[in-house]
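Only one structure is covered here, and it is reproduced in the block below.
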Amino acid sequence: MLGLMQDWPLLIHRVIDYAALQHPNRSVVSRSVEGPVHRTTYAHIRKRSLQLAQRLRRDGIGIGDRVATLAWNTARHLESWYGITGVGAIYHTLNPRLFEDQLIYIANHAADRLMFLDLTFVALAEKIADRLPTIERYVILTDAAHMPQTKLKNAIAYEDYIAEADGDFKWVEVDENTAAGMCYTSGTTGHPKGVVYSHRSNILHAMAAAMPDYLSLASRDVVMPVVPLFHANSWSLAFSAPMTGAALVMPGPKLDGASIFSLIEEEGVTMSAAVPTVWLGLLQYLESSGEKLTRLKRVTIGGSACPRAVTEAFETKYGVTVSHAWGMTEMSPLGSFCTPKPETAALTGSALYDLKQKQGFAPFTVDMKITDDNGKILPWDGTTFGRLKVRGPAVSKAYFGLHENILDEEGYFDTGDVATIDENGYMNITDRAKDVIKSGGEWISSIELENLAVGHPDVAEAAVIGIPHPKWDERPLLLIVLKPDRSPTKQDILAFMQGKIAKWWMPDEVVFIPEIPHTATGKISKKTIRDQFKEFRFEG
Ligand code: AMP
């Protein structure tokens, strides 16, 4: 017997329809690429995304077509997602921080038909356009007044493009499992791989993420996704904010501490999400300017391990609650959040910050397990490390155009992370499987050493890699970027770490460097560092 409830496929257009009906005047504020702060509303965004869908249809874009976006977080980028998916096509976010060859590979592999791009990226697109044969037209996310001279094929200003449609358009009704979005993983080995989100997966993921123990969004919130739309769906915020009626503040191209601070204060941002490097920038700005955060209540920090010093600074100096989150492109991307359960709610002081170092527990829709290399399930005791595996309705089952099976016999995807899970369900990433340091048959967590080193008051950023060692297989090398005008010695740093970790975890050497390389998604690029230090050997 079937249930007698209505068929109401989980389609993305329902999100913007809902926001326009229930929260029509909620603001969407953007720092525009052209410069000024731009203001619009969900009602207006819906109207313009209908215009865009209608205009796309006229260009022959429809179900299954890929439309690339190479753009910052702004209202235009957001509404382009609704317009593209509203005609049954697929938004394909390109990460402008990738190398040109990777961008070319990705756009060609996806066979993108159009590209929507910001003014910032016109020169980049011009440089690579000859090698992008599938792209029929470039739509520049600006108006006629700011339209540059460009030789890009069929280039048109976005405002002119949508002005050719009146918005009298009916969203395309497709099966909820139809593809809606694409994002390639940064792929540290081999070619990048295409993750394909569906309407259904995006909606279920956003609903799970919005719940109180996770992003905890409400219509009274003003949410600033600093995490880019091109970084794995902006952690759901393009959908979960309109779905809950939360207002949006889009930071556009300026992600430095001062710019983020001014938007938070001027626009009354209550909640924001970003990778640790962005927050390090904001905290450094606050420290040097003496400014205070008066509006911000919560931040979600993820994408790479959040240093304890960042969590403590936010909570103790500025009264902002930190929720550490973990996920990956293949998970849409959110997989866990660290917030209190009744079992942990009474923790205070350093026990609380110990907990907050963990990446937390999975929401409904994410099943998690840790296993050994043979697939045997390991206990949730908070100390046993294992391969972290996940499954759920917003977790990948395959990559675009590749036929290899990526799931185990129970349907779980191997995240490539190594983690512990404690008795309360809190997961703690110890490392990427390939970054963990193997010393004398035991594992040393590079992340834990980095977090500890960043706690030193003179340290701005730290990275740890394993260096081959004749006796121990590998030993940790600690690389440090100092804060301006600080000059501690190696011994000062090591003395600070002493006693806080097992003796045999202590780095064998400390090297001060001017800068730590990052990947296109803001993570420490261990691959680049390993290349830079491939000749390095410990003395003696
Ligand atoms: P991406 O697909 O680019 O988002 O990368 C996903 C990977 O980033 C994960 O598999 C983790 O290795 C890493 N990652 C994400 N969030 C965290 C976190 N909070 N702590 C440690 N590593 C993280």
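No value in this document is a laboratory result; all are computed from the given coordinates. Computed from a predicted model, the values in this text were never measured in an experiment. Cβ: placed from backbone, ideal geometry, glycine included. Neighbour counts: every protein chain shown.
Backbone geometry of region 217-227 corresponds, through the Karplus equation with coefficients 6.51, -1.76 and 1.60 at θ = phi - 60°, to 3J(HN,Hα) couplings of 9, 8, 5, 7, 7, 10, 10, 10, x, 6, 4 Hz, x marking Gly and Pro.
Remark: region 313-329, residue by residue, has Karplus-estimated 3J(HN,Hα) of 4, 4, 6, 8, 8, 10, x, 9, 7, 9, 10, 7, 10, 9, x, 7, 3 Hz, where x stands for each Gly or Pro and the curve is 6.51 cos²θ - 1.76 cosθ + 1.60 at θ = phi - 60°. Stretched out straight at 0.36 nm per residue, the stretch from Asp373 to Thr528 would grow longer than its current Cα-Cα span by 53.1 nm.
If both residues of a DSSP beta bridge must be in the chain, then about 55% of such bridges are antiparallel. Think of the chain as having a plus end and a minus end, set by charges on the Cβ of Lys, Arg, Asp and Glu; of Tyr138, Thr528, Ile104, Tyr138 sits farthest toward the positive end of this dipole. Placing a pseudo-label 7 Å from each Cα along the Cα-to-Cβ vector at Lys500 and His403 gives an inter-label distance of 5.2 nm. Between the amide H of Arg26 and those of Tyr42, Ala43, distances stay under 5 Å, these residues lying 5 or more places away or on another chain, with hydrogens modeled in the peptide plane. Across the cross-link table entries Lys438/Lys503; Lys438/Lys534; Lys127/Lys527; Lys193/Lys254; Lys341/Lys523, which are compared at the Cα atoms, the separations over 18 Å belong to Lys127/Lys527; Lys193/Lys254; Lys341/Lys523. Counting only Cβ charges, +1 for Lys and Arg and -1 for Asp and Glu, the dipole size of region 437-532 around its Cα centre is about 140 debye. Remark: relative contact order (the chain) = 10 percent; criterion is Cα-Cα distance under 8 angstrom and separation of 6 or more residues.
In square nanometres, what is the average projected area of the Cα convex hull of region 13-253? Mind showing how you got there, number by number?
Values: hull surface 48.9 nm².
In nm², the orientation-averaged hull projection of region 13-253 is 12.2.
For a test of the definition: using alpha carbon positions, the gyration tensor, and the 1.5 limit on a/c, classify region 228-270 as rounded, prolate or oblate. It comes out oblate by the Cα gyration axes. Taking a point 7 angstrom from the Cα of Glu265 along the C-beta vector, which residues in region 274-293 have backbone N less than 15 Å away? Taking a point 7 Å out along Cα→Cβ of Glu265, the residues of region 274-293 whose backbone N falls under 15 Å are 282-293. Between region 273-350 and region 82-144, the alpha-carbon centres lie 33 Å apart.
Exposed loop positions in the chain were taken to be GluC sites (Glu not before Pro) whose DSSP state is not H, G, I, E or B and which have at most 13 other beta-carbon atoms within 10 angstrom. Between these positions, the longest stretch is 174-342.
Please give the calculated 222 nm ellipticity per residue for the chain, where each DSSP H segment of at least 4 residues contributes -39500 (n - 2.57) and the sum is spread over every residue; nearest 500 deg cm²/dmol?
-8000 deg cm²/dmol
Pairs of Cα atoms nearer than 8 Å and 6+ residues apart set the relative contact order; for region 13-253 it is 25 percent.
Direction-averaged shadow area of the convex hull around the Cα atoms of region 430-512, nm²? Walk me through the numbers on the way to the answer.
On the way: hull surface 20.6 nm².
Seen from a random direction, the Cα hull of region 430-512 projects 5.1 nm² on average.
Could you calculate, for the chain, the ratio of the Cα radius of gyration to the Kirkwood radius, expressed as Rg to Rh? Don't skip to the answer; put the middle values down first.
Values: Rg = 23.3 Å, Rh = 24.2 Å.
Rounded to two decimals, Rg/Rh equals 0.96.
Treating r as the C-beta distance of Gln149 and Asp213 and R0 as 51 Å, the FRET efficiency rounds to 0.50.
May I ask you to compute the full-extension gain from Tyr318 to Glu343, defined as 0.36 nm times their residue separation minus their alpha-carbon distance, rounded to one decimal in nm? Can you show the working numbers first?
Numbers: separation 25, 0.36 × 25 = 9.00 nm, distance 2.60 nm.
Full extension of this stretch gives 6.4 nm more.
Hey, got a sec? Which trypsin sites (Lys or Arg not before Pro) in region 410-497 land in a DSSP loop and have at most 14 other Cβ atoms within 10 Å?
Values: sites: Arg432, Lys434, Lys438, Lys471, Arg486, Lys490; in loops: Lys434, Lys471, Arg486.
When the trypsin sites (Lys or Arg not before Pro) of region 410-497 are filtered for loop state and at most 14 Cβ neighbours within 10 Å, Lys434, Lys471, Arg486 remain.
Compute, for region 435-475, the length of the dipole vector about the Cα centre, with Cβ point charges of +1 (Lys, Arg) and -1 (Asp, Glu) only. Units Debye, rounded to 20. It would help to have the intermediate numbers written out before the result.
On the way: 3 positive and 8 negative charges, 43 e Å.
I would put it at about 200 debye.
Near Ala129, within a Cβ-to-Cβ distance under 9 Å, what is the net charge of the other residues, with Lys and Arg +1 and Asp and Glu -1? Write down the numbers at each step before the final one.
Working: positive: Lys127, Arg131, Lys151, Lys153; negative: Glu126, Asp130.
Here the charged neighbours net out to +2.
Here region 112-250 is treated with +1 on each Lys and Arg Cβ and -1 on each Asp and Glu Cβ, and its dipole about the Cα centre works out to around 520 debye.
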